[in-house]
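This report refers to the structure that appears directly beneath it.
The values are calculated or read from the model by the stated rules, or taken from the named source; none is laboratory data. Predicted, not measured: the structure shown is a model, and the values here were computed from it. Heads up, the Cβs are rebuilt from the backbone with ideal geometry, glycines too, and the neighbour counts pull from every protein chain shown. Side chains are part of the model used for accessible areas, which takes the heavy atoms of the whole protein and leaves out ligands, DNA and RNA. Shrake-Rupley method; radii C 1.70, N 1.55, O 1.52, S 1.80 Å.
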Amino acid sequence: MFDIRLSDEQREFQRLARDFAQKEIKPVAMALDPKPNWEDRVPWDLLKKGSQLGFRTFVLKEENGGSGMSDHLTTCLVAEELAAGEIGTAYYFMLTARRARDWFELRMTPEQKAYFLPKFLNDDLFFTTVAIHEPDTDFGFDYFTETPESAKYKTRAVQQPDGSWKINGAKNFQTVGYLAKLLVVMAQTEAGPRAFLVEGDSPGLVRHPLHKMGRRVGDNAEIFFDDVRVPKDFILPPPPKGRTDMGTHCTIAALTLGLGRAALEETLKYTQERVAGGKLIIKHQAVGLYLAEMAMNLEAARRLLWTAAWLKDHPEAISEGGVENLPYEYMAMAFVGTAVQRLTEQGIELFGGMGIVQGMPIEKYVRDAIIQKHISFPFPTRFKITETLAGFKRKVTPFIGAN
């Protein structure tokens with residue numbers, strides 16, 4: 001049965017993430033955002049401190065250097081707290097952490113794990129990315145679905161006489177793509193698309209940062225492959241059939257949720273300081289109605305997200321008929337992105353003229369929210385929700401004239 005009460009362990013992780021975010025991340029976030037050079041916006045010290053606290057590794061089993069807290073709800077709790085400090089910084093930790101279990105524990109061969117896991121554990125700056133999306137194509141299957149065998153990537157991998165592979169092509173819009181020390185690269189082979197484990201220092205691998213209007217502290221890159229050689233045994237096995245814990249939908253939605261919470265908190269603070277019409281603006285009824293709507297939408301988004309996260313760890317609730325078979329994770333991703341963008345727009349209205357001044361927190365949150373909305377509710381997400389709903393048949397019991 002779905003229960004929104006958090007365990008003591010979950011609350012401890014939540015507190016740890018909140019303390020780090022509010023005491024370490026948030027105080028420096030605003031100073032990093034406007035720096036013109038991308039390299040100067042990388043929070044190196046925070047990335048090291050956060051790694052030492054376990055934010056890259058906590059989803060792994062204890063014997064693999066983690067905490068054993070691999071459930072999606074705990075991940076959402078940590079992601080929200082870190083993103084409330086600064087969403088770009090949180091991305092480094094959370095996408096790497098969620099993928100760590102998928103790659104190291106559930107998919108890698110024993111030989112691959114023996115090679116990559118020690119590197120991951122012993123390097124505080126070992127982050128990862130998935131290089132899938134290509135220029136001028138619609139391939140972004142890392143977010144929406146398993147990559148179909150019918151996909152035809154422009155990035156190609158050709159096997160060499162010694163069994164190794166050479167990859168040529170390009171990828172773009174890769175979050176944590178510039179700093180990643182391990183990339184899972186989808187490339188076309190004669191046998192169909194395959195996922196290659198590519199090390200970040202491989203010769204022929206060239207990366208350029210992409211400059212965005214928001215989430216400027218987190219990196220995004222276009223990546224080029226020029227005869228990048230990959231050992232013959234570095235093909236990541238496919239995920240087991242029927243798995244429900246794939247992907248990072250809930251994690252991304254939780255990051256967006258943390259951004260929204262930070263925007264609401266800053267707006268509440270400002271409305272209790274700004275005086276207009278002879279009183280604090282929070283005492284104006286119209287302002288109160290705005291704040292109430294912001295808070296309601298944020299809490300509604302959180303509940304839908306928590307339901308989606310819980311169901312990813314308890315798919316039997318659907319198969320046994322206790323919960324309707326709806327696309328909860330896609331609905332959560334879309335709803336959170338929409339709600340948070342609306343929330344930040346309401347916040348900037350309440351800030352008035354100060355809201356559009358560079359250096360004000362709400363101005364940054366609005367720009368960040370636009371990026372998250374773009375990620376959260378593009379066409380493939382809407383299509384997936386519509387496709388599922390179209391095939392959903394609700395059972396209705398007639399009641400008119402019933403005894």
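Highest mean packing comes first when the peptides 125-131, 273-279, 211-217 are listed by Cβ atoms within 10 Å, giving 125-131, 211-217, 273-279.
Dividing the alpha-carbon radius of gyration of the chain by the rule-of-thumb value 2.2 N^0.38 Å gives 1.03. Computed from phi, the 3J(HN,Hα) profile of region 97-110 under the Karplus parametrisation 6.51, -1.76, 1.60 (θ = phi - 60°) reads 5, 5, 6, 4, 5, 4, 7, 6, 9, 10, 10, 5, 5, x Hz, with x in place of Gly and Pro.
Computed about the Cα centre, the dipole magnitude for the chain is approximately 660 debye when only Lys and Arg (+1) and Asp and Glu (-1) carry charge, each at its Cβ.
Taking amide H positions as modeled 1.01 Å from N, with prolines and chain starts lacking one, the residues under 5 Å from H133 and 5 or more places away or on another chain are N172. Of the accessible area of the chain, computed with a 1.4 Å probe over protein heavy atoms only, carbon and sulfur atoms account for 55 percent. Accessible surface calculations at 1.4 Å, restricted to protein heavy atoms, place the chain at 46 Å² per residue.
Remark: region 13-143 carries a charge dipole of roughly 420 debye about the Cα centre, counting +1 on each Lys and Arg Cβ and -1 on each Asp and Glu Cβ. Quick one: what does P(r) look like for region 214-326 with 5 Å bins over all Cα pairs, in whole %? Pair shares across the bins are 2, 8, 12, 12, 12, 12, 11, 10, 8, 6, 4, 3, 2, 1, 0. For the pair D124 and H208, a Förster radius of 22 Å applied to the C-beta separation gives a FRET efficiency near 0.35, rounded to the nearest 0.05. Taking the C-alpha atoms only, the angle from helix 285-313 to the longest principal axis of the chain is near 30 degrees. So what's the gap between the Cα centers of region 218-235 and region 256-326, to the nearest angstrom? If we compute the Cα centre of each part, the gap is 39 Å.
Taking amide H atoms as placed 1.01 Å from N in the peptide plane, the amide H of V228 lies under 5 Å from those of I167, each 5 or more residues away in sequence or on another chain. For the peptides 20-30, 312-322, the ranking by packing is 20-30, 312-322, with the highest mean count of neighbouring Cβ atoms within 10 Å listed first. Computed from Cα positions, the angle between helix 379-390 and the longest principal axis of the chain comes to roughly 80 degrees. Averaging the sequence gap over all C-alpha pairs within less than 8 Å and six or more residues apart, then dividing by the number of residues, gives region 158-253 a relative contact order of 35 percent. Paramagnetic label reach from M354 (point 7 Å along Cα→Cβ; backbone nitrogen cut-off under 17 Å): within region 277-298, residues 277-284, 287-288, 291. Give me the angle, in degrees from 0 to 90, between the Cα long axis of helix 249-271 and the longest principal axis of the Cα atoms of the chain, rounded to the nearest 10. Value to nearest ten degrees: 30.
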